[in-house]
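Values in this text are rule-based calculations from the coordinates and carry no lab data. Keep in mind that this is a model prediction, so the values were computed, not measured.
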Amino acid sequence: MKGENYDKGSKQEILLRFLSHEVRKPIANIIGITRFLTDKNCESVNNQEWQSKLDFSLLELDRALNELENIYDNKKEKYD
């Protein structure tokens, strides 16, 4: 029984680490980029470069969410 609690805690820790790094990072990047681009003082900025960075962050977020969905689907199939 003690091992089961450790396994559950370990899985929760892995999930929290995944969410905090793989999901929050691109979200933080997207927020930062959009705030930067909407700043009135950045009119001379190369928008194409920043749009590329925004696109990359969106793809990172999409990948992380797809991975999380796959983990959920695999767990669901295991118990169905």
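Starting from the Kirkwood Rh over alpha-carbon pairs, what translational D in µm² s⁻¹ does segment 30-76 have by Stokes-Einstein at 37 °C and 0.692 mPa s?
265 µm²/s
When the chain is fully extended, how far beyond the present Cα-Cα distance does Tyr72 get from Lys25, taking 0.36 nm per residue of separation?
Full extension of this stretch gives 14.8 nm more.
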